[in-house]
Amino acid sequence: MAKKSTPSISLSHFLGVVVFSLCFFVPKSVLGEKKELRFTKNGEFKILQVADMHFADGKTTSCLDVFPNQMPTCSDLNTSAFVERMIQAEKPDFIVFTGDNIFGFDATDAAKSLSAAFQPAIASNIPWAAILGNHDQESTLSREGVMKHIAGLKNTLSQVNPAEVHIIDGFGNYNLEIGGVKGSRFENKSALNLYFLDSGDYSTVPAIPGYGWIKPSQQLWFQRTSAKLRRAYTRQPEAQKGPAPGLVYFHIPLPEFASFDSSNFTGVRQEGISSASVNSGFFTTMVEAGDVKAVFTGHDHLNDFCGELTGIQLCYAGGFGYHAYGKAGWSRRARVVLASLEKTEQGSWGAVKSIKTWKRLDDEHLTTVDGQVLWSKSHADVSYLSNNVHKTLEMRAVLVCSLLLYAAKNHA
(Lines give C-alpha, C1' and ligand atoms only; values in the text may rest on other atoms or scores of the structure.)
Protein backbone atom coordinates (compact mmCIF):
# COMPACT_ATOMS: atom_id res chain seq x y z
CA MET A 1 0.00 0.00 0.00
CA ALA A 2 1.49 3.28 -1.12
CA LYS A 3 2.31 5.73 1.61
CA LYS A 4 0.16 8.86 1.51
CA SER A 5 2.00 12.12 1.27
CA THR A 6 1.45 14.52 4.14
CA PRO A 7 0.31 17.95 2.96
CA SER A 8 2.71 20.70 3.94
CA ILE A 9 1.54 23.36 6.36
CA SER A 10 3.05 26.80 6.21
CA LEU A 11 4.32 28.42 9.38
CA SER A 12 1.88 31.31 8.98
CA HIS A 13 -1.05 28.91 8.63
CA PHE A 14 0.08 26.97 11.71
CA LEU A 15 0.41 30.13 13.77
CA GLY A 16 -3.00 31.28 12.56
CA VAL A 17 -4.61 28.06 13.79
CA VAL A 18 -2.86 28.34 17.15
CA VAL A 19 -3.88 31.99 17.61
CA PHE A 20 -7.51 31.23 16.64
CA SER A 21 -7.61 28.30 19.07
CA LEU A 22 -6.17 30.30 21.92
CA CYS A 23 -8.28 33.40 21.34
CA PHE A 24 -11.64 31.99 20.31
CA PHE A 25 -11.94 28.52 21.80
CA VAL A 26 -13.37 28.54 25.28
CA PRO A 27 -13.65 25.16 27.03
CA LYS A 28 -17.15 24.04 28.01
CA SER A 29 -15.93 23.84 31.59
CA VAL A 30 -15.55 27.64 31.54
CA LEU A 31 -18.88 28.63 29.97
CA GLY A 32 -20.86 25.60 31.08
CA GLU A 33 -22.35 23.20 28.56
CA LYS A 34 -25.42 24.61 26.82
CA LYS A 35 -28.54 22.90 28.06
CA GLU A 36 -30.94 21.15 25.73
CA LEU A 37 -34.48 22.48 25.80
CA ARG A 38 -37.24 19.91 25.46
CA PHE A 39 -40.62 19.00 26.84
CA THR A 40 -40.59 17.13 30.14
CA LYS A 41 -41.67 13.50 30.48
CA ASN A 42 -45.14 14.71 31.55
CA GLY A 43 -45.57 16.43 28.18
CA GLU A 44 -45.24 20.03 29.39
CA PHE A 45 -42.90 22.98 29.00
CA LYS A 46 -43.26 25.99 31.31
CA ILE A 47 -41.81 29.45 30.66
CA LEU A 48 -41.50 32.24 33.22
CA GLN A 49 -41.40 35.76 31.74
CA VAL A 50 -39.77 38.54 33.76
CA ALA A 51 -40.26 42.03 32.30
CA ASP A 52 -38.60 45.29 33.30
CA MET A 53 -36.55 44.46 36.39
CA HIS A 54 -34.84 47.90 36.16
CA PHE A 55 -32.10 46.60 38.44
CA ALA A 56 -29.41 49.10 39.45
CA ASP A 57 -27.02 48.88 42.43
CA GLY A 58 -28.74 46.37 44.66
CA LYS A 59 -29.60 47.17 48.26
CA THR A 60 -28.61 50.83 47.90
CA THR A 61 -31.15 51.38 45.11
CA SER A 62 -34.53 52.52 46.37
CA CYS A 63 -37.94 51.42 45.13
CA LEU A 64 -40.40 53.48 43.11
CA ASP A 65 -44.16 53.76 43.45
CA VAL A 66 -44.65 51.76 46.64
CA PHE A 67 -46.43 52.84 49.83
CA PRO A 68 -44.44 55.16 52.17
CA ASN A 69 -44.21 52.51 54.89
CA GLN A 70 -42.51 50.15 52.40
CA MET A 71 -39.79 52.60 51.36
CA PRO A 72 -37.30 52.16 54.23
CA THR A 73 -36.77 48.44 53.51
CA CYS A 74 -37.50 48.30 49.77
CA SER A 75 -34.70 48.03 47.19
CA ASP A 76 -33.48 46.02 44.20
CA LEU A 77 -33.28 43.09 46.59
CA ASN A 78 -37.09 42.97 46.55
CA THR A 79 -36.89 42.36 42.80
CA SER A 80 -34.39 39.52 43.33
CA ALA A 81 -36.58 38.01 46.04
CA PHE A 82 -39.57 38.07 43.68
CA VAL A 83 -37.59 36.19 41.00
CA GLU A 84 -36.63 33.59 43.61
CA ARG A 85 -40.23 33.24 44.83
CA MET A 86 -41.48 32.74 41.27
CA ILE A 87 -38.86 30.09 40.56
CA GLN A 88 -39.71 28.21 43.74
CA ALA A 89 -43.47 28.43 43.17
CA GLU A 90 -43.67 27.68 39.46
CA LYS A 91 -40.53 25.59 38.89
CA PRO A 92 -40.27 26.74 35.27
CA ASP A 93 -38.34 24.85 32.62
CA PHE A 94 -37.09 28.11 31.13
CA ILE A 95 -36.92 31.80 32.13
CA VAL A 96 -37.13 34.74 29.70
CA PHE A 97 -36.13 38.28 30.66
CA THR A 98 -37.72 40.69 28.18
CA GLY A 99 -35.59 43.79 28.46
CA ASP A 100 -34.86 46.76 30.71
CA ASN A 101 -33.10 44.19 32.83
CA ILE A 102 -31.11 47.03 34.35
CA PHE A 103 -31.91 50.72 34.55
CA GLY A 104 -28.71 52.05 33.06
CA PHE A 105 -28.85 55.62 34.38
CA ASP A 106 -28.78 54.39 37.97
CA ALA A 107 -26.41 51.42 37.49
CA THR A 108 -22.86 52.39 38.49
CA ASP A 109 -21.30 49.37 36.77
CA ALA A 110 -23.36 47.71 34.02
CA ALA A 111 -21.56 44.36 34.18
CA LYS A 112 -22.00 44.06 37.95
CA SER A 113 -25.64 45.13 37.78
CA LEU A 114 -26.41 42.64 35.00
CA SER A 115 -24.75 39.78 36.86
CA ALA A 116 -26.64 40.67 40.05
CA ALA A 117 -29.96 41.03 38.23
CA PHE A 118 -29.71 37.57 36.67
CA GLN A 119 -28.19 35.90 39.74
CA PRO A 120 -31.44 34.24 40.94
CA ALA A 121 -31.84 32.58 37.54
CA ILE A 122 -28.17 31.60 37.42
CA ALA A 123 -28.32 30.12 40.92
CA SER A 124 -31.45 28.11 40.07
CA ASN A 125 -29.57 26.18 37.38
CA ILE A 126 -32.59 26.66 35.10
CA PRO A 127 -31.84 27.61 31.47
CA TRP A 128 -32.66 31.24 30.76
CA ALA A 129 -32.47 33.85 28.03
CA ALA A 130 -32.66 37.62 27.82
CA ILE A 131 -33.22 40.38 25.32
CA LEU A 132 -32.59 44.12 25.50
CA GLY A 133 -34.96 46.95 26.36
CA ASN A 134 -34.44 50.67 25.87
CA HIS A 135 -32.60 51.27 29.18
CA ASP A 136 -30.03 48.44 29.32
CA GLN A 137 -27.33 50.38 27.46
CA GLU A 138 -27.51 53.58 29.50
CA SER A 139 -24.77 52.65 31.98
CA THR A 140 -21.15 51.69 31.24
CA LEU A 141 -21.72 49.21 28.37
CA SER A 142 -23.05 49.67 24.83
CA ARG A 143 -26.00 47.58 23.61
CA GLU A 144 -23.56 45.18 22.00
CA GLY A 145 -21.49 45.11 25.20
CA VAL A 146 -24.55 44.39 27.33
CA MET A 147 -25.64 41.52 25.08
CA LYS A 148 -22.14 40.05 25.00
CA HIS A 149 -21.99 40.13 28.79
CA ILE A 150 -25.37 38.43 29.07
CA ALA A 151 -24.39 35.75 26.55
CA GLY A 152 -21.31 34.92 28.65
CA LEU A 153 -23.19 34.27 31.89
CA LYS A 154 -23.79 30.80 33.30
CA ASN A 155 -26.83 28.75 32.21
CA THR A 156 -27.94 31.29 29.64
CA LEU A 157 -29.00 30.40 26.10
CA SER A 158 -28.90 34.05 25.06
CA GLN A 159 -27.07 34.87 21.85
CA VAL A 160 -25.62 38.16 20.64
CA ASN A 161 -26.97 37.47 17.14
CA PRO A 162 -27.49 34.44 14.86
CA ALA A 163 -24.16 32.98 13.74
CA GLU A 164 -25.33 32.40 10.18
CA VAL A 165 -26.32 36.05 9.58
CA HIS A 166 -23.58 38.55 8.84
CA ILE A 167 -25.68 41.73 8.70
CA ILE A 168 -28.63 42.26 11.03
CA ASP A 169 -29.81 45.25 13.03
CA GLY A 170 -29.62 45.22 16.80
CA PHE A 171 -28.22 42.74 19.31
CA GLY A 172 -30.04 39.75 20.76
CA ASN A 173 -31.81 38.34 17.70
CA TYR A 174 -31.93 34.54 17.93
CA ASN A 175 -34.25 31.54 18.12
CA LEU A 176 -34.45 28.46 20.33
CA GLU A 177 -36.06 25.11 19.59
CA ILE A 178 -37.99 23.10 22.21
CA GLY A 179 -37.68 19.42 21.39
CA GLY A 180 -40.32 16.78 21.94
CA VAL A 181 -40.24 14.39 24.89
CA LYS A 182 -37.11 12.23 25.09
CA GLY A 183 -37.88 8.77 23.76
CA SER A 184 -41.06 9.87 21.96
CA ARG A 185 -41.55 9.94 18.19
CA PHE A 186 -41.17 13.74 18.39
CA GLU A 187 -37.80 13.49 20.14
CA ASN A 188 -35.91 14.87 17.14
CA LYS A 189 -38.43 17.54 16.18
CA SER A 190 -38.81 21.05 17.53
CA ALA A 191 -42.35 20.98 18.89
CA LEU A 192 -42.28 24.63 20.00
CA ASN A 193 -40.21 27.48 18.58
CA LEU A 194 -39.11 30.58 20.45
CA TYR A 195 -38.03 33.75 18.66
CA PHE A 196 -36.19 36.63 20.35
CA LEU A 197 -35.69 40.04 18.75
CA ASP A 198 -34.13 43.37 19.62
CA SER A 199 -36.90 45.97 19.32
CA GLY A 200 -34.30 48.73 19.72
CA ASP A 201 -34.15 51.67 22.08
CA TYR A 202 -34.80 55.00 20.38
CA SER A 203 -35.20 56.10 16.78
CA THR A 204 -31.97 57.01 15.01
CA VAL A 205 -33.87 58.72 12.17
CA PRO A 206 -34.10 62.47 12.87
CA ALA A 207 -37.48 62.82 11.15
CA ILE A 208 -39.00 59.99 13.24
CA PRO A 209 -39.29 60.67 16.98
CA GLY A 210 -39.75 58.16 19.79
CA TYR A 211 -38.82 54.54 20.32
CA GLY A 212 -37.03 52.08 18.06
CA TRP A 213 -38.62 49.30 16.00
CA ILE A 214 -37.88 45.91 14.46
CA LYS A 215 -35.99 46.56 11.22
CA PRO A 216 -36.28 44.89 7.76
CA SER A 217 -33.05 42.91 8.29
CA GLN A 218 -34.48 41.37 11.46
CA GLN A 219 -37.77 40.58 9.76
CA LEU A 220 -35.94 38.88 6.90
CA TRP A 221 -34.03 36.73 9.39
CA PHE A 222 -37.32 35.88 11.13
CA GLN A 223 -39.00 34.93 7.83
CA ARG A 224 -36.13 32.68 6.79
CA THR A 225 -35.87 31.05 10.21
CA SER A 226 -39.62 30.43 10.37
CA ALA A 227 -39.62 28.90 6.87
CA LYS A 228 -36.64 26.66 7.74
CA LEU A 229 -38.34 25.43 10.90
CA ARG A 230 -41.58 24.77 8.98
CA ARG A 231 -39.71 22.66 6.39
CA ALA A 232 -38.09 20.59 9.14
CA TYR A 233 -41.39 20.07 10.95
CA THR A 234 -43.31 18.98 7.87
CA ARG A 235 -40.57 16.57 6.76
CA GLN A 236 -40.33 12.87 7.60
CA PRO A 237 -40.07 11.24 10.04
CA GLU A 238 -43.36 12.24 11.71
CA ALA A 239 -44.16 14.75 8.97
CA GLN A 240 -46.74 17.30 10.17
CA LYS A 241 -49.32 19.15 8.08
CA GLY A 242 -48.41 22.63 9.30
CA PRO A 243 -45.72 24.45 11.28
CA ALA A 244 -44.99 23.98 14.98
CA PRO A 245 -46.38 26.82 17.09
CA GLY A 246 -44.08 29.75 17.71
CA LEU A 247 -43.80 32.31 20.53
CA VAL A 248 -42.08 35.67 20.01
CA TYR A 249 -40.37 37.78 22.70
CA PHE A 250 -39.22 41.40 22.45
CA HIS A 251 -39.40 44.52 24.61
CA ILE A 252 -41.27 47.38 22.94
CA PRO A 253 -44.89 46.60 22.00
CA LEU A 254 -46.05 46.87 18.40
CA PRO A 255 -48.57 49.55 17.35
CA GLU A 256 -51.11 46.73 17.00
CA PHE A 257 -51.24 46.46 20.81
CA ALA A 258 -53.48 49.54 20.64
CA SER A 259 -56.16 47.55 18.78
CA PHE A 260 -57.99 46.43 21.92
CA ASP A 261 -60.44 47.79 24.43
CA SER A 262 -61.76 46.32 27.68
CA SER A 263 -64.23 44.14 25.79
CA ASN A 264 -61.65 42.07 23.93
CA PHE A 265 -58.64 41.48 26.16
CA THR A 266 -57.82 39.69 29.40
CA GLY A 267 -56.00 41.75 32.03
CA VAL A 268 -55.73 45.51 32.47
CA ARG A 269 -54.68 48.52 30.43
CA GLN A 270 -53.75 51.41 32.70
CA GLU A 271 -51.51 53.45 30.42
CA GLY A 272 -51.01 54.20 26.74
CA ILE A 273 -49.28 51.88 24.29
CA SER A 274 -45.70 53.17 24.05
CA SER A 275 -44.81 51.67 20.68
CA ALA A 276 -42.67 53.19 17.96
CA SER A 277 -44.23 56.14 16.13
CA VAL A 278 -43.96 54.19 12.86
CA ASN A 279 -45.29 50.74 11.98
CA SER A 280 -42.50 48.63 10.52
CA GLY A 281 -44.89 45.86 9.48
CA PHE A 282 -43.58 43.13 11.75
CA PHE A 283 -47.06 42.09 12.83
CA THR A 284 -48.00 41.44 9.20
CA THR A 285 -44.73 39.53 8.77
CA MET A 286 -45.67 37.25 11.68
CA VAL A 287 -49.20 36.69 10.34
CA GLU A 288 -47.77 35.75 6.93
CA ALA A 289 -45.30 33.31 8.52
CA GLY A 290 -48.26 31.39 9.92
CA ASP A 291 -46.58 29.81 12.95
CA VAL A 292 -46.68 32.57 15.60
CA LYS A 293 -49.39 32.04 18.20
CA ALA A 294 -48.39 34.68 20.77
CA VAL A 295 -46.13 37.70 21.29
CA PHE A 296 -44.82 38.71 24.72
CA THR A 297 -43.47 42.17 25.57
CA GLY A 298 -42.81 44.49 28.49
CA HIS A 299 -42.04 48.24 28.43
CA ASP A 300 -45.45 49.53 29.61
CA HIS A 301 -45.37 48.45 33.25
CA LEU A 302 -49.01 49.18 34.09
CA ASN A 303 -50.40 47.09 31.23
CA ASP A 304 -50.64 43.32 31.64
CA PHE A 305 -53.29 42.27 29.13
CA CYS A 306 -53.48 39.69 26.35
CA GLY A 307 -55.63 40.33 23.28
CA GLU A 308 -56.02 38.31 20.08
CA LEU A 309 -55.60 39.93 16.69
CA THR A 310 -55.69 37.97 13.42
CA GLY A 311 -54.92 34.72 15.20
CA ILE A 312 -52.00 36.05 17.27
CA GLN A 313 -52.21 36.81 21.00
CA LEU A 314 -50.47 40.07 21.91
CA CYS A 315 -49.46 39.96 25.58
CA TYR A 316 -47.86 42.21 28.14
CA ALA A 317 -46.21 40.70 31.21
CA GLY A 318 -46.81 43.63 33.57
CA GLY A 319 -44.07 45.41 35.52
CA PHE A 320 -41.82 43.17 37.62
CA GLY A 321 -39.06 45.33 39.09
CA TYR A 322 -39.26 47.53 42.18
CA HIS A 323 -36.91 50.21 40.84
CA ALA A 324 -39.28 50.63 37.88
CA TYR A 325 -42.26 52.92 37.77
CA GLY A 326 -45.46 51.22 38.86
CA LYS A 327 -48.50 51.93 40.99
CA ALA A 328 -48.61 51.70 44.77
CA GLY A 329 -51.09 49.01 45.74
CA TRP A 330 -50.95 47.36 42.30
CA SER A 331 -48.67 44.36 42.80
CA ARG A 332 -45.59 43.73 40.71
CA ARG A 333 -46.21 40.67 38.55
CA ALA A 334 -44.83 38.00 36.24
CA ARG A 335 -46.32 36.00 33.37
CA VAL A 336 -46.17 32.21 33.07
CA VAL A 337 -46.79 30.26 29.86
CA LEU A 338 -47.44 26.52 29.79
CA ALA A 339 -47.32 24.51 26.55
CA SER A 340 -48.81 21.00 26.73
CA LEU A 341 -48.45 18.12 24.29
CA GLU A 342 -51.15 15.79 23.00
CA LYS A 343 -51.09 12.02 23.38
CA THR A 344 -50.88 10.07 20.11
CA GLU A 345 -52.97 7.00 19.29
CA GLN A 346 -49.98 4.89 20.25
CA GLY A 347 -49.90 6.49 23.72
CA SER A 348 -46.74 8.51 23.07
CA TRP A 349 -46.34 12.27 23.30
CA GLY A 350 -46.98 14.16 20.08
CA ALA A 351 -47.40 17.77 18.94
CA VAL A 352 -48.37 20.77 21.08
CA LYS A 353 -52.02 20.54 22.11
CA SER A 354 -52.46 23.84 23.93
CA ILE A 355 -50.70 26.97 25.16
CA LYS A 356 -52.02 28.52 28.38
CA THR A 357 -50.96 31.51 30.45
CA TRP A 358 -51.54 33.16 33.81
CA LYS A 359 -49.88 35.81 35.96
CA ARG A 360 -48.59 35.75 39.53
CA LEU A 361 -48.67 38.76 41.83
CA ASP A 362 -45.91 39.57 44.30
CA ASP A 363 -48.27 39.55 47.26
CA GLU A 364 -48.38 37.37 50.35
CA HIS A 365 -49.80 34.36 48.51
CA LEU A 366 -48.26 34.87 45.04
CA THR A 367 -51.85 35.11 43.84
CA THR A 368 -52.61 33.65 40.41
CA VAL A 369 -54.76 35.81 38.11
CA ASP A 370 -56.09 35.89 34.55
CA GLY A 371 -55.64 32.27 33.54
CA GLN A 372 -56.51 31.78 29.88
CA VAL A 373 -55.93 29.55 26.86
CA LEU A 374 -53.85 31.42 24.30
CA TRP A 375 -54.04 28.72 21.62
CA SER A 376 -55.31 25.18 21.21
CA LYS A 377 -54.74 22.73 18.40
CA SER A 378 -58.35 21.56 18.45
CA HIS A 379 -59.60 25.11 17.85
CA ALA A 380 -56.99 25.60 15.13
CA ASP A 381 -57.97 22.30 13.48
CA VAL A 382 -61.65 23.30 13.53
CA SER A 383 -60.79 26.67 11.98
CA TYR A 384 -58.64 24.96 9.35
CA LEU A 385 -61.42 22.46 8.58
CA SER A 386 -64.04 25.21 8.49
CA ASN A 387 -61.96 27.26 6.05
CA ASN A 388 -61.45 24.23 3.82
CA VAL A 389 -65.17 23.41 3.91
CA HIS A 390 -66.02 26.97 2.92
CA LYS A 391 -63.52 26.86 0.08
CA THR A 392 -64.90 23.52 -1.11
CA LEU A 393 -68.49 24.82 -1.01
CA GLU A 394 -67.47 27.94 -2.89
CA MET A 395 -65.75 25.86 -5.57
CA ARG A 396 -68.80 23.59 -5.90
CA ALA A 397 -71.10 26.61 -6.14
CA VAL A 398 -68.96 28.07 -8.91
CA LEU A 399 -68.98 24.71 -10.71
CA VAL A 400 -72.78 24.36 -10.42
CA CYS A 401 -73.30 27.92 -11.70
CA SER A 402 -70.99 27.26 -14.62
CA LEU A 403 -72.86 24.06 -15.53
CA LEU A 404 -76.23 25.83 -15.31
CA LEU A 405 -75.01 28.65 -17.53
CA TYR A 406 -73.58 26.15 -20.00
CA ALA A 407 -76.85 24.19 -20.04
CA ALA A 408 -78.93 27.35 -20.49
CA LYS A 409 -76.74 28.52 -23.36
CA ASN A 410 -76.96 25.18 -25.19
CA HIS A 411 -80.73 24.98 -24.58
CA ALA A 412 -81.18 28.41 -26.12
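The values are calculated or read from the model by the stated rules, or taken from the named source; none is laboratory data. Every value quoted in this text rests on a predicted model; they were computed, and no experiment measured them. In this analysis, Cβ positions are derived from the backbone assuming ideal geometry, glycine residues included, and neighbour counts consider all displayed protein chains. SASA here: full protein model, heavy atoms, side chains in, ligands and nucleic acids out. Shrake-Rupley method; radii C 1.70, N 1.55, O 1.52, S 1.80 Å.
Just a few scattered comments:
- For segment 259-271, Karplus couplings with θ = phi - 60° (6.51, -1.76, 1.60), whole Hz, Gly/Pro x: 7, 10, 10, 5, 7, 9, 9, 10, x, 10, 10, 10, 8
- For segment 20-176: rounded, prolate or oblate by the Cα gyration tensor [a/c cutoff 1.5]: oblate
- Unsatisfied cross-links (Cα-Cα over 32 Å) in the set Lys215/Lys356; Lys112/Lys377; Lys41/Lys377; Lys91/Lys353; Lys182/Lys359: Lys112/Lys377
- Heavy-atom accessible surface of segment 129-273: percent carbon and sulfur, 1.4 Å: 52 percent
- Whole-Hz Karplus values for segment 107-121 come out as 9, 5, 9, 4, 4, 5, 5, 4, 4, 5, 4, 8, 4, x, 5 Hz, taken residue by residue from phi with 6.51 cos²θ - 1.76 cosθ + 1.60 and θ = phi - 60°; glycine and proline positions read x.
- Working from Cα pairs under 8 Å separated by at least six residues, relative contact order for segment 237-331 is 30 percent.
- The protection proxy used here, the mean number of other Cβ atoms lying within 10 Å of each residue, ranks peptides 112-120, 80-88 as follows, highest first: 112-120, 80-88.
- With Cα atoms defining each centre, segment 246-288 and segment 202-243 are spaced 16 Å apart in the structure.
- For Val287, net neighbour charge (Lys/Arg +1, Asp/Glu -1) across residues whose Cβ lies under 14 Å away: -3
- Charge context of Thr297, other residues only, Cβ under 12 angstrom, K/R +1, D/E -1: -4
- Net charge, Gln137 excluded, C-beta distance under 10 Å - Lys, Arg +1, Asp, Glu -1: -3
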